[in-house]
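Asker: I have a structure here, written as structure tokens, and I will follow up with some questions on it.
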Amino acid sequence: MDSERSRIAVAGASGLIGSALVRSLTADGHEVVRLVRHAPRGADEVRWDPAAGRVDAAGLEGCDAVVNLAGAGVGDHRWSEAYKARIRDSRVRGTRALAEAVASLERPVRVFVNGSAIGFYGETGGRPVDESAPAGEGFLPSVCVEWEGAAAPARDAGVRTVFARTGLVVARHGGAWGRLFPLFRAGLGGRLGDGSQYWSFVALHDEVAALRHLLDQDDLSGPFNLTAPHPRTNREITAAMGRVLHRPTPFAVPAPVLRAVLGEMSGDVLGSARVLPARLLESGFRFAFPEIDGAIRAAL
């Protein structure tokens, strides 16, 4: 899609990754159609209601690609049963609605890129995993399995379907790092728990470049891990934040405190996921920021 002007629909266009992807696409002259929950204000908006599972499919006619990055933030609230249902439903219902809309189009889109997450693998400890690994156990793995499964209508209709299993995005604003930067700048940063847990990160620049790569390469389908090739432990990332920001990192938040404050969500912070982007590297993608220090500097 680099060589020609394409029409690309994006759900979740106002989020951290979605907004960066839209900027990249429009800068290269592509026409972006945003899926919105309000009444469309122009030809570049299409109405949808992911909670109700409704999409104005007519607005997607003529699109070359659909990218779905929508979903309630995993770290936005404490995980009550109601919010866990929102996390799941916002992904599964929205994806199913989009996949069914894509399958119904008179002129099929070339590719459906659907968001997913490395939460698919669950707790991996120090064991590295790639896309060949099975789903883990627990809430997030079960959500990811349903999330990806909801794209079946598009895949069954013959549309090339890709799952972007994204790691922890290193960005100045938004996501986990958006909360970490102010703490470390204030000299209040430190490891979480014992710091031995692996964090599989990806620079926002590389996340967008990888999504563009998956859109462009017509032979790519199925799951791809969007994580840098060198995951680091929380202890190593804490040290890197201190180095890059020139701040001390004396503090440590004990695991019991995290569990008390975050509840079930603490498992996502204290859990270890050592995820490798095997298929992305095999497809010829090259990371601009493969190491954590570079990813942090890129965010700044």
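Asker: With every protein chain left in place, what is the accessible area per residue of the chain in square angstrom, probe 1.4 Å?
Answerer: Values: 13030 Å² over 300 residues.
Counting only protein heavy atoms, the per-residue value for the chain is 43 Å².
Asker: Would you work out if the range 33-113 is rounded, prolate or oblate? Take a ≥ b ≥ c from the square roots of the eigenvalues of the alpha-carbon gyration tensor; rounded if a/c is under 1.5, else prolate when a/b is larger than b/c, oblate otherwise.
Answerer: Details: a/c = 2.44, a/b = 1.89, b/c = 1.29.
Taking the square roots of the gyration eigenvalues as a ≥ b ≥ c, the range 33-113 is prolate.
Asker: Quick check: at a probe of 1.4 Å, how many percent of the accessible area of the chain sits on carbon and sulfur atoms?
Answerer: Details: 6750 of 13030 Å².
So the carbon and sulfur contribution to the accessible surface is 52 percent.
Asker: Taking the chain as a Gaussian network, where each spring joins two C-alpha atoms under 10 Å apart, which residue of THR166, THR26, THR95 fluctuates the most?
Answerer: THR26
Asker: Restricted to Cα positions, what overall size does the chain have along the principal axes? Three whole-Å values, descending.
Answerer: Projected onto its principal axes, the Cα set of the chain covers 59, 41, 39 Å.
Asker: As I understand it, the value is the acute angle between the Cα axis of helix 234-245 and the longest principal axis of the Cα atoms of the chain; what does it come to in degrees, rounded to 10?
Answerer: 90
Asker: Further question on the same structure: Does the range 123-200 come out rounded, prolate or oblate, given a ≥ b ≥ c as the square roots of the eigenvalues of its C-alpha gyration tensor, rounded meaning a/c under 1.5 and, failing that, prolate meaning a/b above b/c?
Answerer: prolate
Asker: Next question, about the same structure. Per DSSP H run of at least 4 residues, take -39500 (n - 2.57); add these up for the chain, divide by its residues and hand me the 222 nm value, nearest 500 deg cm²/dmol.
Answerer: On the way: 11 runs with 114 residues, N = 300.
Rounded to the nearest 500, it is -11500 deg cm²/dmol.
Asker: According to the square roots a ≥ b ≥ c of the eigenvalues of the Cα gyration tensor, what is the shape class of the range 42-196, taking rounded for a/c under 1.5, prolate for a/b larger than b/c otherwise, and oblate for the remainder? Present the calculation step by step, with values, prior to reporting the outcome.
Answerer: Working: a/c = 2.12, a/b = 1.69, b/c = 1.26.
Because a/c hits 1.5 or more and a/b exceeds b/c, the range 42-196 counts as prolate.
Asker: In addition: If I fit a long axis through the Cα atoms of helix 139-149 and take the longest principal axis of the Cα atoms of the chain, what angle between them do I get, 0 to 90°, rounded to 10?
Answerer: Around 20 degrees separate the two axes.
Asker: Using the Karplus equation 6.51 cos²θ - 1.76 cosθ + 1.60 (θ = phi - 60°), what ³J(HN,Hα) coupling, rounded to whole Hz, does each residue of the range 83-90 give in order, writing x for Gly and Pro?
Answerer: 6, 4, 5, 5, 4, 5, 5, 5
Asker: Search the structure for amide H atoms under 5 Å from the amide H of ALA11, placed 1.01 Å from N in the peptide plane, and list their residues when 5 or more places away or on another chain.
Answerer: Residues meeting the amide H criterion: LEU35, VAL67, ASN68, LEU69.
Asker: What percent do you get for the relative contact order of the chain when only Cα pairs under 8 Å and 6+ apart count? Please list the in-between numbers first.
Answerer: Values: 620 pairs, mean separation 54.6, N = 300.
Relative contact order here is 18 percent.
Asker: Between TRP199, TRP147, TRP79, which gets the highest mean-square fluctuation from a Gaussian network model of the chain, Cα cutoff 10 Å?
Answerer: Looking only at TRP199, TRP147, TRP79, the largest GNM fluctuation is found for TRP79.
Asker: Based on Cβ point charges of +1 for Lys and Arg and -1 for Asp and Glu, what charge dipole magnitude is obtained for the chain about its Cα centre, in debye rounded to the nearest 20? Please list the in-between numbers first.
Answerer: On the way: 35 positive and 34 negative charges, 205 e Å.
Using Cβ point charges on Lys, Arg, Asp and Glu, the chain gives about 980 debye.
Asker: Here's a follow-up. Where the Cα atoms of the range 118-264 are projected onto their three principal axes, how long is each span, largest first, in whole Å?
Answerer: Principal extents (largest minus smallest coordinate, Cα): 54, 30, 25 Å.
Asker: Taking amide H atoms as placed 1.01 Å from N in the peptide plane, list the residues 5 or more away in sequence, or in a different chain, whose amide H sits under 5 Å from that of LEU168.
Answerer: SER200, PHE201, VAL202
Asker: Taking amide H positions as placed in the peptide plane 1.01 Å from N, state which residues far from GLY136 in sequence (5 or more) or on other chains have amide H under 5 Å from it.
Answerer: Under 5 Å from the amide H of GLY136: TYR121, GLY122.
Asker: For the range 165-182 and the range 98-130, write down the distance between their C-alpha centroids in whole Å.
Answerer: 21
Asker: Using only Cα atoms and rounding to the nearest 10 degrees, what angle (0 to 90) does helix 204-216 make with the longest principal axis of the chain?
Answerer: Around 30 degrees separate the two axes.
The values are calculated or read from the model by the stated rules, or taken from the named source; none is laboratory data. From a predicted model like this one, the values you see are computed outputs, not experimental measurements. Here Cβ is always computed from backbone atoms with ideal geometry, including for glycine, and neighbour counts include all displayed protein chains. We work out accessible area using only protein heavy atoms, side chains counted, and drop any ligands, DNA or RNA first. Shrake-Rupley method; radii C 1.70, N 1.55, O 1.52, S 1.80 Å.
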